[in-house]
Amino acid sequence: MKHLPASLLLLSAATAVAGSQPARPGDTFLEKRCYDCHDTETKKGNLDLTTLPFYLDDPKVNAMWVKVHDRVQDGEMPPKKKDQPEAAERDGFLKALGDPMIASEQARVAREGRATQRRLNRYEYENTLRDLLHAPWLQIKDMLPEDGEAFRFNKVGEALDISHVQMSRYLAAADYALRQVMATQVSRPPTQTVRYYARDQKFFAGKMKFNAFNKSPERATFPVLGIQAQPDVRSGKLPLTVGSADPATREQEAMGVVAGSYEPIEVHFDRFKAPVAGRYRLRFSAYSVWVGPGPGEKWWHPDLDTVSAGRRPEPITIYSETPPRLLRLLGSFDVNPDPTVRELDTYLLAGETIRPDAARLFRSRPPNYHNPLAEKDGQPGVAFRWMEAEGPIYDEWPTAGQKLLFDSLPLKAGKNGGVEIVSTNPMKDADRLLHAFLQRAYREPATEEDVRLFLGIINGALKSGSTFADAMIAGYSGVLCSPAFVCLEEKPGRLDDRALGARLAYFLWNSEPDEALRALAARNELHQPEVLRAQTARLIADPKSRRFVNAFLDYWLDLRKNNATSPDAGLYPDYYLDDLLVESSTAETQLFFNELLRNNLPARNLVSSDFAMLNERLAAHYGLPHVDGVALRRVALPADSVRGGLLTQASVLKVTANGTTTSPVVRGAWVMERILSRPPPPPPPNVPAVDPDTRGSTTIREQLDKHRKLATCAACHAKIDPAGFALENFDVFGGWRQQYRALGEGEHVPGYGKNGQPFTFHEGPAVDASGALPDGRKFGDVRELKRLLLADERQIARNLARQLVVYATGAPVRFGDRPQIELILDHTTANGYGVQSLVQAIVQSDIFQEK
């Protein structure tokens, strides 16, 4: 046993006399159990507890004491080889150390609040303008700089700075958004329904001339009349729209494809361009076909003159497109062998056109390619007849956005075909309109000083010769860039009802409070527990809660990165170019969490559930019993399925891989941090990363065994790697594997990728998914790992509660918050820590209702 050096004793005595060195609690325990390894001489792990002060206001010092507390609490210290303290001794030390740390944190919160004041992130700003201006189609977040992140989320004040660049972008985005909702015509624009036949679109019909059909027919479109081929039309002997004069024949004319919409096919309904931004109803007529085989040995080439009814429904994905190739997913549906009409109710931007994609079909890439869906007697295809566009659809005229900005002021035709706002008394109208706009835009009551400030901007613009509309837009833009709009106003202590309403709305809707929340806050009723509980349930039940689900998962699980990497074309050609799989996997995770939230399912489902949200593509990918169609729905899983829960979802397994290889280290660290709230420490400097061997000569487990022989690596990898090993049965996109894939010498696995190229990979070493947790409990595969993790369901719920608190309050869960987290868990224990119950308990807690 070692003792404090004399010099340190003298220093301690001197500082104690001066009153500047707080007494350290638990010194007896530290001296008995810790100083052997953590004194000035030994300093194991670069930690000297003998000189570590107890200045809890210093964030770095505080963090060190939290680490000491947690290592002792988790039984990691003292090490197993040392004499272990009795439970009473350990608990006494933890209380002696923890109580002053909690008290210090509570004192800081009382002075400053938990959260740093912050601005809206760009997702929140976009949603707020959409709701304020009644313009759900607005796309402005990409006009703003990327938000900073802290503690995993883009909602923490420390990371959301405001610079002159930020403000200029806000100003541009606000001006753009305001002009998007202004009336473009004096009278209500007509809502028209126009049918666009596929044969009239150059992106359908023109593709017939692109190819020599006997060489690369997969890259062509081709004409059909019902399910009859039209070789004379295809060859140019007859005009393309031969039947257009006859309505019945015109209805039967279609253009077929046997490959997905991908360069250079990229079929569009290009003659349609949305005339204005707004709501539209799109209808599509299409059907599946079977295209016969080509001549000779190349049976996989279709004979475009041999067409028959399709053998199954085919999934279609619809995108809007803004040049050049900026795609936005609008929706998906199935078309049957019989002509099928499907409808999408959607919002479009001005100038957007529509691109359909036969999503299951392959995407041919040079050189010589082969349709992986082809059979000896042909291959599937899709024929498009027409698209109908109904719109723009207005719920009222003038629109709600126009009324918000200019009330009922009349319109008149302006210069160059524009529209002018008519005001007979601009100064009076400006004052009236500005007052009303501020009352609606601000979350707190506007002051007369606010009115004078923005009225000055408007009056200055009028005096300089601006039109009344432009002057008002200048003032409104100033409002939408002001601190009262861009920032969330919260004061230390208990939140007043308006601030509470804003915090609730930005938690569950990622947007401003609606009129119901504002009214309750104005009457000072929102803070009442039953009222707040009812409003929380209302917000969750509203479709806008999907904004919360999607944004929360984007950062908690990194779901926003699902399309950031592409599966390697050599190792994973069966996933390469498969947008339907990417889109389905993202939607699966979003709908899964939404299911837990809406139905208040226990938090343990995050690790293991008896259901999944599946469509046909995902079920096939997972090797599960057949599911028909492109729509995702809740599907019961077989009793012995490896699926169920987040860990084995394709999106999670994709964002934890790099498209080429998987790493137990990366996936294990992800599980430790995102699911268990036990983030591993950063790797030591100058230690090279372990790169898996794509040639297949060694497995990642063998490489890590060598890596762990380094003393600086062994301890951390013992915690990180086990969960990652259990997930090694899943490849870079979550497909099940018993063996790794490898390139180079070896017998290639037979098959063709979605790009039409033959597989060039071979089977590599066998996967070993077994391991042991740090506490010694062993598992053989991911099923057994899940059972071990669920032995502590409270920790699963604790992690979810902590993630939700960071997202909801914009502040990390610090040591002083831990008692509140445990109270939240206590309140939800009875129903198995239901996800909605956790949200409700968080909203009712002091941690949510205080800044």
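The values are calculated or read from the model by the stated rules, or taken from the named source; none is laboratory data. The structure displayed is predicted, hence computed values, not measured ones. With ideal geometry, Cβ positions are generated from the backbone for all residues, glycine too; neighbour counts draw on all protein chains shown. All accessible areas refer to the heavy atoms of the entire protein, side chains included, with ligands and DNA or RNA removed. Shrake-Rupley method; radii C 1.70, N 1.55, O 1.52, S 1.80 Å.
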Just to be sure before I move on: is residue 531 more than 30 Å from residue 464 (Cα to Cα), open to solvent by less than 50 Å² (accessible area, probe 1.4 Å) and not in a loop (DSSP other than H, G, I, E, B) in the structure I sent?
yes
Between a first residue in the stretch 177-198 that is at negative phi and a second residue that is open to solvent by 50 Å² or more (accessible area, probe 1.4 Å) and not in a strand (DSSP E or B), which pairs have beta carbons less than 6 Å apart while being 6 or more apart in sequence or on different chains?
188/397; 196/271
Can you name the condition, by its number, that residue 786 falls short on among (1) within 30 Å of residue 121 (Cα to Cα); (2) touching a residue at least 60 places away in the same chain (Cβ under 8 Å); (3) in a helix (DSSP H, G or I)?
(1)
Among the residues that make up the stretch 386-401, is at least one of them in contact with an Asp or Glu (Cβ under 8 Å, 6 or more places away or on another chain) and more than 19 Å from residue 350 (Cα to Cα)?
no
Determine whether residue 774 is part of a loop (DSSP other than H, G, I, E, B) and either in contact (Cβ under 8 Å) with a residue 40 or more places away in the chain or farther than 30 Å from residue 813 by Cβ (or both).
yes
What is the one condition in (1) more than 24 Å from residue 809 (Cα to Cα); (2) open to solvent by 10 Å² or more (accessible area, probe 1.4 Å); (3) touching a residue at least 60 places away in the same chain (Cβ under 8 Å) that residue 562 does not satisfy?
(2)
Taking residue 724 as the residue in question, decide whether it is open to solvent by less than 20 Å² (accessible area, probe 1.4 Å), modelled with pLDDT under 95 and part of a helix (DSSP H, G or I).
yes
From the list 366, 398, 392, 380, which residue is under 30 Å from residue 306 (Cβ atoms) and surrounded by 15 or more Cβ atoms within 10 Å (Cβ to Cβ)?
380
Subset of the stretch 410-430 [over 19 Å from residue 181 (Cβ atoms) and either touching a Phe, Trp or Tyr at 6+ places or on another chain (Cβ under 9 Å) or surrounded by 15 or more Cβ atoms within 10 Å (Cβ to Cβ) (or both)]
426
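A quick yes/no check of all residues on (1) in a loop (DSSP other than H, G, I, E, B); (2) more than 30 Å from residue 527 (Cα to Cα):
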| site | (1), (2) |
| --- | --- |
| 446 | yes, no |
| 449 | no, no |
| 461 | no, yes |
| 469 | no, yes |
| 473 | no, yes |
| 477 | no, yes |
| 489 | yes, no |
| 498 | no, no |
| 501 | no, no |
With respect to residue 569, is the statement that it is part of a loop (DSSP other than H, G, I, E, B) and open to solvent by 10 Å² or more (accessible area, probe 1.4 Å) true?
yes
Which residue out of 131, 57, 99, 39 is without any contact (Cβ under 8 Å) to a residue 40 or more places away in the chain and either charged (D, E, K, R) or touching a strand residue (DSSP E or B) at 6+ places or on another chain (Cβ under 9 Å) (or both)?
39
Residues of the stretch 395-424 being free of Cβ contacts under 8 Å to residues at least 24 places away in the same chain, part of a helix (DSSP H, G or I) and within 42 Å of the chain's Cα centre (by Cα), in sequence order, are 403, 417
Can you find even one residue in the stretch 356-379 that is at pLDDT below 95, on the phi > 0 side of the Ramachandran plot and of a type in the set (Lys, Arg)?
no
